[in-house]
1. Among the candidates Ser367, Ser314, which residue alone is among the polar types (S, T, N, Q), closer than 30 Å to Gln39 by Cα and either in a helix (DSSP H, G or I) or touching a Pro at 6+ places or on another chain (Cβ under 6 Å) (or both)?
2. Looking at the stretch 145-166, is at least one residue modelled with pLDDT under 95 and either among the small types (Gly, Ala, Ser) or out of contact with any helix residue (DSSP H, G or I) (no Cβ under 7 Å at 6 or more places or on another chain) (or both)?
3. Condition (residue is more than 30 Å from Met236 (Cβ to Cβ) and part of a helix (DSSP H, G or I)) applied to the stretch 149-161: is it met by at least one residue?
4. Of all the residues that make up the stretch 229-258, how many are closer than 19 Å to Val443 by Cα and either surrounded by fewer than 24 Cβ atoms within 10 Å (Cβ to Cβ) or of a type in the set (A, V, I, L, M) (or both)?
5. If you check Gly215, Gly234, which single one turns out to be within 20 Å of Gly28 (Cα to Cα) and either away from the ligand (no atom under 16 Å from the Cβ) or among the small types (Gly, Ala, Ser) (or both)?
6. Could you please find all residues in the stretch 191-248 being outside any helix (DSSP H, G or I) and β-branched (Val, Ile, Thr)?
7. What residue, among those in the stretch 385-394 that are within 15 Å of the chain's Cα centre (by Cα) and either farther than 21 Å from Met63 by Cα or among the hydrophobic types (A, V, I, L, M, F, W, C) (or both), is surrounded by the fewest Cβ atoms within 10 Å (Cβ to Cβ)?
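The values are calculated or read from the model by the stated rules, or taken from the named source; none is laboratory data. What you are looking at is a predicted structure, and each value in this text was computed from that prediction instead of being measured. Positions of Cβ are backbone-derived with ideal geometry, glycine not excepted, and every protein chain shown enters the neighbour counts.
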Amino acid sequence: MTTPKSRDLFVSRLGILAATLGSAVGLGNIWKFPALTGQNGGASFLLVYICATMLVGLPVLVMELAMGRSQRANPVTAFRKMSPTGYWWLIGVSGVVAAILILGFYTEVVGWVLAYIVSSATGSTNSTDPAVAGQLFQSLISSPWESVLWQWVVFVIIASIILRGASRGIERVMRILMPVLFLLLLMVCIRSLTLPNAMEGLRFLFMPDFSRIDGTVILMALGLSFFKLSIGMGVMLTYGSYFRSDVNVPVMALRVVLLDLLISLLAGIAIFPAVFAFGFEPTAGPSLLFLTIPAVFASIPGGQLFTVVFFILSAVAATGAMLSLLEAPVVWLSESFKINRRKATIATTLFFAAFGVPAALSAGVMSDVTVFGKTFFDLYDFLSSNVLMPVGGMMLCVFAGWYWGDANAIKALSNEGVLSNTGIIRTVLFLCRWVSPVLIFVVLLKGLNVF
Ligand code: TRP
């Protein structure tokens, strides 16, 4: 194992914030949050989502970051050190598997985003006719070469950043990308809000409809808060291991949660007024990004520019998320097998890219190949979001709340007694012990269609 001294650390507080926020921010803000909010009761869903994030997401994020910082190691080694005789290190292993699955489909979507930056810049997406948009998207996703090639371009980009390490790679890039993301989002928001009928879109997003709150909606909000904050897989634990010893972890986690929420809201404000202004149906997932958005912006004066900006913004948002998903397995491989970072990055990327191919081909030549009735793309999504993330998150909570020990948690969260935040620590531990695991367990059963 590498000694802590030779481990890279994030250098500045702003860099720590940018990198951690960068992992949380991703396609989840752009195509999951706005659509789920709009379709499940607007402001009332937002309220439920905020409660879920505060009661479950935030405490788990705090504990994950704190455990990582206290152990200064990859997730597998960190759990081995905290519990030498138990099997808790399997949480780290499940995180590596989940990272393979998530990156398998995530990189493909980002590949399509890159392809769309090119085609919107050359004007080929510039049509308000949904049929034309549909054809363009279909021809992209069904072409095996184009799909795999774009996916590999994405892998090469993130691998070349990861190669440089935590501070010189991730931190440096995210310090530039996060402000760029805010600027681009604001630009699209202003354009969208100055369209006729903008109020209609805002009403869709923010009108509370409390009658819509039921068990399913609450579980959806919980699942979203998990995916959003990148928790339950050891990814945040890995980032915590690069935190400086003087960072106030609960405060940093709260900042990440609030800024992530702000980005989600801005994404909703950028998208829905425009969608309503031109009478489109608000949808979720790939069709929102690749069919609705180009058609909507094609109707706006100067729309081609905004389409390009929107796809660049999506790629920027997704980059930090992908970096964190690659970083955790790379350090695990490098520290556990004493391989240098360069070799570990190349080996991990090649392995992950091979797993990504079936997902890339699943809309085209492999669309008939299904496992449990799902294409590889859907299977990766299902296994990671509905199985590994909740199982990993629940075990992580149980470990943090019940096994790690109050003394260790207090030491880690108070920076060895420097901070006087006992009340906050007690609240976090209480939530991790009694509230979060129970709620996550219910999410897990729901995700597996048990009820
Ligand atoms: N949080 C990212 C998003 O909203 C996705 C993501 C990145 C993720 N890393 C993760 C999800 C680790 C779970 C675990 O798009």
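1. Details: Ser367 fails: either in a helix (DSSP H, G or I) or touching a Pro at 6+ places or on another chain (Cβ under 6 Å) (or both).
Answer to the check: Ser314.
2. yes
3. Among the residues of the stretch 149-161, at least one is more than 30 Å from Met236 (Cβ to Cβ) and part of a helix (DSSP H, G or I), which makes the answer yes.
4. 3
5. Unique residue meeting the criteria: Gly234.
6. So in the stretch 191-248, the residues outside any helix (DSSP H, G or I) come out as 194-197, 207-209, 213-214, 229-234, 241-248.
Of everything in the stretch 191-248, those that are outside any helix (DSSP H, G or I) and β-branched (Val, Ile, Thr) turn out to be Thr194, Ile213, Ile231, Val247.
7. Asn386
Table: residues versus (1) touching a Gly at 6+ places or on another chain (Cβ under 9 Å); (2) under 30 Å from Pro294 (Cβ atoms); (3) surrounded by 15 or more Cβ atoms within 10 Å (Cβ to Cβ).
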{"residue": "Val173", "(1), (2), (3)": "yes, yes, yes"}
{"residue": "Leu177", "(1), (2), (3)": "yes, yes, yes"}
{"residue": "Val180", "(1), (2), (3)": "no, yes, no"}
{"residue": "Leu185", "(1), (2), (3)": "no, yes, yes"}
{"residue": "Ala198", "(1), (2), (3)": "no, yes, yes"}
{"residue": "Leu205", "(1), (2), (3)": "yes, yes, yes"}
{"residue": "Pro208", "(1), (2), (3)": "yes, no, no"}
{"residue": "Ser211", "(1), (2), (3)": "yes, no, no"}
